[in-house]
Amino acid sequence: MGLTPAAALAVDAGNTKTDVALVSADGTVLGSARGGGFRPPAVGAGRAVESLARTVARAARDAGLEARPGALPAEHVSACLANADLPHEERELAERIGALGWGRTIRVANDTFAILRAGLPDDGSPRHGVAVVCGAGINCAGTAADGRVHRFPAVGRLSGDWGGGGGLAEEALWHAARAEDGRGEDTELARALPAHFGLPGMYALIEAFHLGGLPDGRRHELVPVLFEVAAGGDAAARSLLHRQAEEIAVMASVALERLDLLGAPAPVVLGGGVAAARHPLLHDRLLALLAERAPLAAVRVVTAPPVLGAGLLALDRLEAGPAPCARLRAHYADRTERA
């Protein structure tokens, strides 16, 4: 193995998957690897970082570098992590990752900041904006040109959150269960959700999830079913997508207001599997709400892997300039689009 460090170690660790890339100073991806989800609340911070370390080691081997304690595979580590929702959690994870000696400097941030950076230009204009990630969960963060940051705790219902893929699946199951047993209005969800798993009805689906016949991790499969049912005109399914649009719009407009950005043009970057899918029932409603509440916002959708944003943050830290950023974007076939 070689011992020459890369310029940057970029990490995007989400709820369901982790992407790691070692990047040279000119923006070339030297090596990469994909691992499982990063969920410290479920497994503990120590085990989560151990799993992350295995993915980093595979990326280092792919680049011909070393990633063991005492080795320095990179000058700077940019780690954008799901479940690093509070500054305290960012500091704790930075200490654990820093102890592994992956880089001379390190910055740990919530993964929402990777989406925000991916949606901003590489010449530093503007330096402000707000990002909303709606994937497995939902979160929002923004920065002002003077460096001020606004963020939400984003730890679930405890902090007032609603939606994301997990939340939408739960709500779809709730409506379907009540339709089946007569407590709620009829909805096609009561037939479409169990049919997706080849089950005869909601009672069978409830039992399968409750007793473990179906692992909870498969609930995410219900989100595309929800979108299909909504597209067919089902009132309950459509109401869930409309509420999701409302939640995204509220988060973005509040963040813009708190950062004093409502009165000036500002990027609003959307990312995550639910938001980036641009389903018309969700996306069109969202654009209409943002046009009403933040008329100067420039909505952009990031479809590139979020590890791109982590890499761009690292190149910014190293003052690499626009050309290396463009090369990194090209590697990930960035298709950041105006909505």
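The values are calculated or read from the model by the stated rules, or taken from the named source; none is laboratory data. Note that the coordinates shown come from a computational prediction; the quantities given were computed from them, not determined experimentally. Positions of Cβ are generated from backbone atoms using ideal geometry, with glycine treated the same way; all protein chains shown enter the neighbour counts. Keep in mind that these areas ignore ligands, DNA and RNA; they rest on the heavy atoms of the full protein, side chains included. Shrake-Rupley method; radii C 1.70, N 1.55, O 1.52, S 1.80 Å.
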- Note on the structure: For the range 227-273, the per residue accessible area (1.4 Å probe, Å²) is 38
- What is the Cα centroid distance between the range 245-285 and the range 146-191, reported in whole angstrom? 18
- Task: Name the residues whose placed amide hydrogens come within less than 5 Å of the amide hydrogen of GLY36, ignoring near sequence neighbours (fewer than 5 apart) on the same chain.
- Result: THR18
- Label point at ALA208 placed 7 Å out along Cα→Cβ; residues across the range 221-254 whose backbone nitrogen lies under 14 Å: 221-223, 225
- Message: Taking amide H atoms as placed 1.01 Å from N in the peptide plane, list the residues 5 or more away in sequence, or in a different chain, whose amide H sits under 5 Å from that of GLY31.
- Response: LEU22
- Please name which of VAL29, PRO126, LEU52 has its Cα lying farthest along the dipole of the chain towards the positive end, using unit charges on Cβ (Lys, Arg +1; Asp, Glu -1) and the Cα centre as origin. VAL29
- Item | Per-pair calculated FRET efficiency, R0 = 41 Å: ARG54 and HIS196 via Cβ, rounded to 0.05 | 0.80
- Cα-based equivalent ellipsoid of the chain: semi-axis lengths in Å, sorted from largest, via gyration tensor: 36, 25, 16
- Message: Charges at C-beta only: +1 for Lys and Arg, -1 for Asp and Glu. How large is the resulting dipole of the range 12-88 about its Cα centre, in Debye rounded to 20?
- Response: 360
- Mean residue ellipticity at 222 nm from the helices of the chain, using -39,500 (n - 2.57) per DSSP H segment of n ≥ 4 over the full residue count, to the nearest 500 deg cm²/dmol? -13500 deg cm²/dmol
- Message: Quick check on the chain: of the DSSP beta bridges with both residues there, what percent are antiparallel, nearest 5%?
- Response: 50
